[in-house]
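Below: one structure, written as structure tokens.
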Ligand code: SIN
């Protein structure tokens, strides 16, 4: 079988049609999908109306899903499926993680060592306006960077911290999610990453960036932060960005080694509902396996091993 693709952008991205990912997928189809993901970096599928069980099954086909750290938003019985959006229970309890930050370009998973990770984001409910997600290619960004900057970044590393990012969200919006326990914090240690990565499958070089590294190796701190800011601006120039307007049933899967993504301003849909399923899947091969993922996943799963969230 050969998948049918339409490009999303000249530099990256493809809409894949003619597949039903809600049903079980064959090994041959899986190989084609993984190949397409590494080739195009961002894949869009339409008309996929997942139940959490179908979604969890699909994630496990691609690799080892991570149980999200904001565990109150991991769906009961399917803790590898997490929610983002703004829906709430009748008493105002959030039923999805709502990051009010709006636009903030990033790569998922840079605060863990396993770099070959794909994010799955699926639209369940979408607002009438807004709630779009944006993407760009960090392979294209690397390829179009000045030679002297490539040389400067050769071997440069950044120290990434989940807590540097998450503590700020909690400080700004204490009701957004429960603060991590000491055991949960300890399970997420800081990690060094090369800023320029070589993809373990395609061999292509790309920029791997973190918004607020807590240290640099091979760059002075001020210089490192200035360069990262320039790299974000270079990668996210408006003509290089694909902006997706969601329809219920859309699924976008992206390769975090070769793309950046960003949510958009929450203003247009503050009085409307948005619910997405979001999961991160660790794929192989990878240069830095997360050897204790099962242990970490257990820490972020509730005491009955089931996940916490019951959607109405
Ligand atoms: C994300 O940043 O992973 C989610 C983006 C979105 O909700 O649009």
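The values are calculated or read from the model by the stated rules, or taken from the named source; none is laboratory data. Only a predicted model underlies this, so the values are computations on that prediction, with no experimental measurement involved. Glycine gets a Cβ as well: all are built from the backbone with ideal geometry, and neighbour counts include every protein chain shown.
Data overview
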quantity	calculated
Yes/no for residue 34 being touching a strand residue (DSSP E or B) at 6+ places or on another chain (Cβ under 7 Å) and in contact (Cβ under 8 Å) with a residue 40 or more places away in the chain	no
Test: residue in region 11-29 that is within 16 Å of the ligand (Cβ to nearest atom) and out of contact with any helix residue (DSSP H, G or I) (no Cβ under 7 Å at 6 or more places or on another chain)	no
Pair list, Cβ < 7 Å and 6+ apart or interchain, from region 1-22 residues that are closer than 22 Å to residue 52 by Cα to residues that are modelled with pLDDT of 95 or more and not in a strand (DSSP E or B)	16/36; 19/29; 21/48; 21/58; 22/48; 22/49; 22/50; 22/54
Residue 85 at positive phi and within 13 Å of the ligand (Cβ to nearest atom)	yes
Residues satisfying the stated conditions in region 67-113, i.e. free of Cβ contacts under 8 Å to residues at least 24 places away in the same chain and either surrounded by 18 or more Cβ atoms within 10 Å (Cβ to Cβ) or touching a helix residue (DSSP H, G or I) at 6+ places or on another chain (Cβ under 6 Å) (or both)	none
Region 257-282, residues that are closer than 18 Å to residue 58 by Cα and out of contact with any helix residue (DSSP H, G or I) (no Cβ under 6 Å at 6 or more places or on another chain)	276, 278, 280, 282
Among residues of region 191-209, those that are touching a helix residue (DSSP H, G or I) at 6+ places or on another chain (Cβ under 8 Å) and in a loop (DSSP other than H, G, I, E, B), counted	7
Any hit, region 270-290, residues being within 16 Å of the ligand (Cβ to nearest atom), at pLDDT 95 or above, surrounded by fewer than 20 Cβ atoms within 10 Å (Cβ to Cβ) and within 20 Å of residue 139 (Cβ to Cβ)	no
Residues that are touching a helix residue (DSSP H, G or I) at 6+ places or on another chain (Cβ under 7 Å), part of a loop (DSSP other than H, G, I, E, B) and more than 15 Å from the ligand (Cβ to nearest atom), drawn from region 114-148	145
Test: residue in region 89-112 that is within 29 Å of residue 215 (Cα to Cα), away from the ligand (no atom under 16 Å from the Cβ), assigned to a loop (DSSP other than H, G, I, E, B) and at pLDDT 95 or above	no
